[in-house]
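Report on the following structure.
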Amino acid sequence: MLSEPQLTRLRDAIVTRLRDPSATHDGLRSVLHDVAAEARTRSLRPEELIVSLKTVLAQVGSARFPAAPEEQRRLQEWLVTTCIHAYFSKE
């Protein structure tokens, strides 16, 4: 699984994004790239990374920020897509 420091960074970035949906995705995108890099280094499969990502989102999303279901779905889709792109990127 992902390290606790990376999970904490991911939680914090998602919370920041949920608090201000109009903010850019730059900070969250950067964290997702770091998380994906760690996942590759630790030989996590992409599906394991997605499960971790969805677990963190579920923990912080529904409990702290009861956003509209449609908005939560869009954010989840963006997170998964961005993370998968980062996981398979050559950067």
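Values in this text are rule-based calculations from the coordinates and carry no lab data. As the structure is a prediction and not an experimental result, all values here were calculated from the model. Here the Cβ positions follow ideal geometry from the backbone for every residue, glycine too, while neighbour counts run over all protein chains shown.
Observations, loosely collected:
- Bins of 5 Å, starting at 0 and running to the largest distance - Cα pair percent for the chain: 2, 14, 28, 27, 17, 8, 2, 0
- Taking the longest Cα principal axis of the chain as reference, the axis of helix 69-88 is set at about 20 degrees.
- The longest stretch of the chain left intact once loop-based trypsin sites (Lys or Arg not before Pro) with at most 13 other Cβ atoms within 10 Å are removed from consideration, loops following DSSP, is 43-89.
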